[in-house]
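See structure below.
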Amino acid sequence: MPGVFCPNPGGAFYAIARLPIDDSDKFCQWLLEDFRHEDQTVMLAPATGFYGTAGLGMKEVRLAYVLNLEALDAAMDCLARALEQYPGRTA
């Protein structure tokens, strides 16, 4: 996805991704309250809660992923559409 950076998480079941957004808290709330793609959305955790230093994680989200590749593909498609429509997109 354009503007997204997500390093390989290795053996974990989650990853922290940097997104082209203004505020991860607002983006995650927008996903749940206002966004739908094919009557679905994705649930992400703002990364701000995973840092001890104020201000870190503002453009990052935590993605938990499953082994079901079909569900993962659908979620990534949904996220890509959300990033295209998000009013606070920065890139």
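Tabulated values for the structure
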| read-out | value |
| --- | --- |
| Total residues in the stretch 47-91, condition out of contact with any helix residue (DSSP H, G or I) (no Cβ under 6 Å at 6 or more places or on another chain) and in a strand (DSSP E or B) | 3 |
| From ALA45, ALA75, residue being touching a strand residue (DSSP E or B) at 6+ places or on another chain (Cβ under 6 Å) and modelled with pLDDT of 90 or more | ALA45 |
| Cβ pairs under 7 Å, 6+ apart, first in the stretch 58-80 and in contact (Cβ under 8 Å) with a residue 24 or more places away in the chain and aromatic (Phe, Trp, Tyr), second in a loop (DSSP other than H, G, I, E, B) and surrounded by fewer than 18 Cβ atoms within 10 Å (Cβ to Cβ) | TYR65/PHE13 |
| Residue list for the stretch 3-29, restricted to those being in contact (Cβ under 8 Å) with a residue 40 or more places away in the chain and either closer than 16 Å to ALA75 by Cα or in contact with a Pro (Cβ under 6 Å, 6 or more places away or on another chain) (or both) | GLY3, VAL4, CYS6, PHE13, TYR14, ALA15, ILE16, ALA17, LEU19, PHE27 |
| Qualifying residue in the stretch 50-71 (condition: surrounded by 10 or more Cβ atoms within 10 Å (Cβ to Cβ), among the polar types (S, T, N, Q) and modelled with pLDDT under 95) | yes |
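The values are calculated or read from the model by the stated rules, or taken from the named source; none is laboratory data. Only a predicted model underlies this, so the values are computations on that prediction, with no experimental measurement involved. Ideal geometry is used to build each Cβ from the backbone, glycine not excepted, and the neighbour counts take in all protein chains shown.
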